[in-house]
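Report on one structure; see the data block that follows.
The values are calculated or read from the model by the stated rules, or taken from the named source; none is laboratory data. Please read these numbers as outputs of a predicted model, since none were measured by experiment. Quick reminder, even Gly has a Cβ in these numbers, built from the backbone with ideal geometry, and neighbours come from all protein chains shown. Calculation scope for accessible area: heavy atoms of the full protein, side chains included, ligands and nucleic acids excluded. Shrake-Rupley method; radii C 1.70, N 1.55, O 1.52, S 1.80 Å.
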2 protein chains.
Amino acid sequence: MRVSELASESGVAVATIKYYLREGLLAPGAATSSTGASYTEEHLRRLRVIRALTGSAGLSVHRTREILAIIDSPQPDLYDTLGRAVAALPPYPDPELHTDHPRARAVLERLGQLYDPGYAAVAQLEDALRAAEEAGVAIDDERIDVYGTHLRAIAEFDVARMPQGAPSSSIEYAVLGTALYEPIILALRRLAHQDVAARTLG
Amino acid sequence: MRVSELASESGVAVATIKYYLREGLLAPGAATSSTGASYTEEHLRRLRVIRALTGSAGLSVHRTREILAIIDSPQPDLYDTLGRAVAALPPYPDPELHTDHPRARAVLERLGQLYDPGYAAVAQLEDALRAAEEAGVAIDDERIDVYGTHLRAIAEFDVARMPQGAPSSSIEYAVLGTALYEPIILALRRLAHQDVAARTLG
């Protein structure tokens, strides 16, 4: 398809597509003349990923390029590659502040979960637990168990649904399932609060 | 206690406390001399809430003042007041974009949940569902059911733990439980993915 068709199919303006081409986020199309090029379904698919990352997830072009590079050149260890791809999504804990993660380690050990201490989400959990503690609403064991159990059930579903086959598909799924489903999860929890409150507070 | 003690107890610098006093976020202490004032445990508690909202949750002073006003002057209808307080937290869906919420309504009807169509979280859910759809990873019925079931279980626990008695305590709990526990929930899901992946891919 031509760039104008790619634009109408994707809903992304031609000028924006050209910007992504210049920034190297989108691969050039096959040249069809001195000024024209032809684009494929693969370009359309990539454009959707770029839009999701730069739009909803609010990533910079730099961070988006980093994630696309991981999708395009996955390392042999899929587990490690998935971790690096998701860690390229916000929030970005300040590495200077993190030499140890006592609160996060205690929670993960209580839940009996395997974890890589260097993984960004461990620092992210530590920051979040510290903030709750400082506000006087530290998370207690009962809450850890309830949250941990139900979030692990959600994670089991997510991982079971991960496409098998090409590693790039698995990584793309993990990145989009983090960037795009996290806002859905938070909205659903707020709405579930409303439902429960409506039934109990009358 | 004196302002210096309030600072050391709370970990908030004296200059920052004075800024909160000037902005009207913190009530003045009882005057003890022409220049000194005395602060109570109530000030310390309020300071923790202000820190949580302006720090971790990243709220502006304006939004923080709005939430504190709701906590301090709850309306007779607690259910409605809770909804307004949580809606003052980010994200802030653009009201111009929202006249209808077809995707959010379909999900909430599928889950059989009571909801107020004007509640900010409905618009938040609609935005999140549309973003996933546009990225080619629309949420399907099976995922709605899994996410919905487990997030409702979390919400039931949250509401059961809500302090009874003074409405201001309930509202403060809802605000802090949203602003401070949401990052914990997202970090726990990412870490549960890692645990499940380690056991299945490892």
³J(HN,Hα) across segment A:86-97 via Karplus (A = 6.51, B = -1.76, C = 1.60, θ = phi - 60°), whole Hz, x for Gly/Pro?
-> 5, 5, 7, 8, x, x, 10, x, 6, x, 4, 7
Against the globular-protein guess of 2.2 N^0.38 Å, express the Cα radius of gyration of segment B:34-142 as a ratio, rounded to two decimals.
-> 1.41
10 Å Cβ neighbours from other chains, averaged over peptide B:141-150 = 5
Tell me, what is the FRET efficiency for B:ALA166 and B:SER8 to the nearest 0.05, using R0 = 35 angstrom and their Cβ-Cβ distance as r?
-> 0.80
Considering Cα pairs under 8 angstrom that are at least six residues apart, work out the relative contact order of chain B and quote it in whole percent.
-> 19 percent
Can you tell me the accessible area per residue over chain A, all protein chains present, probe 1.4 angstrom, in square angstrom?
-> 46 Å²
Nonlocal amide H pairs with B:ALA37, under 5 Å, H built at 1.01 Å | B:VAL3, B:THR32
Measure off, as a whole percent, the carbon and sulfur share of the 1.4 Å-probe accessible area of the protein assembly as shown, all protein chains present.
-> 52 percent
Log entry, pair A-B: total buried accessible area, probe 1.4 Å, protein chains only, in Å² rounded to 100, is 7400 Å²
For A:111-122, mean number of other protein chain Cβ atoms within 10 Å | 4
Charge sum, other residues only, whose C-beta stays under 11 Å from B:ALA88's C-beta, Lys/Arg counted +1 and Asp/Glu -1 = +2
Once the Cα atoms of helix B:141-160 and of chain B are each reduced to a long axis, what angle between those two axes, in degrees from 0 to 90 to the nearest 10, is obtained?
-> 30 degrees
Would you give the gap between the C-alpha center of segment B:11-89 and the C-alpha center of segment A:1-53, rounded to a whole Å?
-> 49 Å
State to the nearest 20 debye the size of the charge dipole of segment A:1-56 about its Cα centre, where the only charges are +1 on K and R beta carbons and -1 on D and E beta carbons.
-> 120 debye
